[in-house]
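Take a look at the structure set out below.
The values are calculated or read from the model by the stated rules, or taken from the named source; none is laboratory data. Please read these numbers as outputs of a predicted model, since none were measured by experiment. Please note: Cβ atoms are built from the backbone with ideal geometry, for glycine as well, and neighbour counts cover all protein chains shown.
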Amino acid sequence: MQLNLNGIDTRYVLDNEGGGPWLTFIHQLGGDLSVWDQLAGYFRDDFTVLRYDVRGHGASAVPRSPFSIKDLADDLAKLLDALGAPHTHLVGMSMGGMIAQQFALDHPTRVATLTLADTVAATAPESRAVWDQRAAAVRSGGMAALAPATLSRWLTADFQAAHPEAVEQIREVLQNTAPEGYALACEALREFDVHERLNEIRLPTLTVAGRHDTGTPPSATQAIANSIQGAQYELLEAAHLAPVEESHRFAALLETFLETRV
């Protein structure tokens, strides 16, 4: 399904067999809504599950001008408005976790619970150049050159060897991401910083990190939990895409977390 949000044609998938509370998943940089296929299948009998492609990713249009994480959070607000969802449980991974944090700060009454996986509350000054380099790399050479290093950060070697079909799907989505959409998102991530506002979040919060995540150290995700009153922190045996690599464990954690708050 497609909707125009803030001038951007946006793809979304809604699974509402259960007709229960809304549960929204937000994907990572260089991903799309398909990264949540397994988890959506797990939760759709009890929740109204929403997934969508962030602007510039998947089948959503590439904008013609720069945008911020705040703009991406506003896209989500417009999507929920269009679908008639007053509030939702919110799950974000990596870039999706940044969007989820921003959304929770901008629209706190619309978030029932907040789940943040493998993410940060701010881009450190020493890391800003990395995002500029990645943006420049894909603008000059396309997405293929980034794929090997990206996948090695996203998934452990053991997982890649044991689940080649899952890895190939993730690789294909990454390589098919529009270079300009990816580059603009890199520049948005470069500017992201909400760490001084995290104590404003008064929502039930679950944070999850991968022990073997070299791109986003677990300490960064744990720092978010430490800054949000009552937040829960869990460490999984995974790399950056912990909800994918440890999908059964992540689903169990999320199910337990949601059960106590629905």
### Task
Would you point out which residue out of Asp118, Asp32, Asp75 is charged (D, E, K, R), under 17 Å from Asp193 (Cα atoms) and in contact (Cβ under 8 Å) with a residue 40 or more places away in the chain?
Asp118
### Query
Among the residues of the stretch 237-254, which ones are farther than 18 Å from Leu114 by Cα and either charged (D, E, K, R) or not in a helix (DSSP H, G or I) (or both)?
Glu237, Ala238, Ala239, His240, Glu245, Glu246
### Summary
Within the stretch 126-146, the residues that are acidic (Asp, Glu) and over 21 Å from the mean Cα position of the chain (by Cα) are Glu126
## Note on the structure
Here the residues within the stretch 113-142 that are farther than 16 Å from Ala188 by Cβ and crowded, with 19+ Cβ neighbours inside 10 Å are Thr113, Leu114, Thr115, Leu116, Ala117, Asp118
### Query
Out of all the residues in the stretch 216-228, is one or more under 17 Å from Leu151 (Cα atoms), of a type outside the set (Asp, Glu) and within 15 Å of the chain's Cα centre (by Cα)?
yes
### Summary
Turns out the helices (runs of 4 or more DSSP H) fully within the stretch 1-119 with at least 3 residues that are farther than 28 Å from Gly210 by Cα are 69-83
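Counting just the residues of the stretch 237-262 that are at pLDDT 95 or above and of a type in the set (Asp, Glu), which one comes out farthest from Thr24 (Cα to Cα)?
First pass over the stretch 237-262, keeping only residues at pLDDT 95 or above: 237-258.
Pick out the ones that are also of a type in the set (Asp, Glu) and you get 237, 245-246, 255.
Details: Glu237: 24, Glu245: 19, Glu246: 19, Glu255: 14 Å.
Only one residue fits best here, namely Glu237.
Which one of Ala209, Ala178, Ala188 is in contact (Cβ under 8 Å) with a residue 60 or more places away in the chain and within 18 Å of Leu105 (Cβ to Cβ)? Give the steps one after another, and end with the answer.
Numbers: Ala209 fails: within 18 Å of Leu105 (Cβ to Cβ); Ala178 fails: within 18 Å of Leu105 (Cβ to Cβ).
The conditions single out Ala188.
Look at Val173 and say whether it is closer than 23 Å to Pro243 by Cα, touching a residue at least 12 places away in the same chain (Cβ under 8 Å) and in a helix (DSSP H, G or I).
So Val173 passes the test.
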### Number of positions in the stretch 192-233 that are crowded, with 19+ Cβ neighbours inside 10 Å, part of a strand (DSSP E or B) and of a type outside the set (S, T, N, Q)
4
